[in-house]
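What follows is a short report on a single structure.
Here, each number is a calculation from the coordinates, and none is a lab measurement. Keep in mind it's a predicted model, so treat the numbers as computed, not measured. As a convention, Cβ positions derive from the backbone with ideal geometry for all residues, glycine included, and neighbour counts pool all protein chains shown.
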Amino acid sequence: MRVRTGMVLAALLLTAGCGAEPARPGCVDGGEVTVTAADNGHRICLDRHGTVRVSLPGRTAGPVSLSGTGLARESDDVFRGESTGTAVLTSAVRSCPEPAAPGSVSCLAMMTWKVTVEVR
């Protein structure tokens, strides 16, 4: 029984490692990926010619900023993979749900939103 369990465990570990690239989760080949407030702090991988669409809820403190290499801005919230590189998309979003409940105090707290995009 121990030998069989050990063999099954070894097979699972080998299978899990095949083709896995922990540094590149969420790779999108030539398609479109939409990133939201829930993706804050994440790193995604995008094929050249792929598209990243930013969809942040409510009002942001400003536009989405782009730094680094690999992405080109198509519009205020759409970016296209242009060349191999690493780009960072940043903005600021409200940290409280909008709109505030009737009769409650409005939340003005903001937090930085950031997604790193690796273009390959």
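In terms of packing, defined here as the mean over residues of other Cβ atoms within 10 angstrom, the peptides 48-54, 83-89 line up highest first as 48-54, 83-89.
Segment residue 74..residue 120, full-extension length gain: 14.7 nm, with 0.36 nm per residue of separation and the alpha-carbon distance subtracted.
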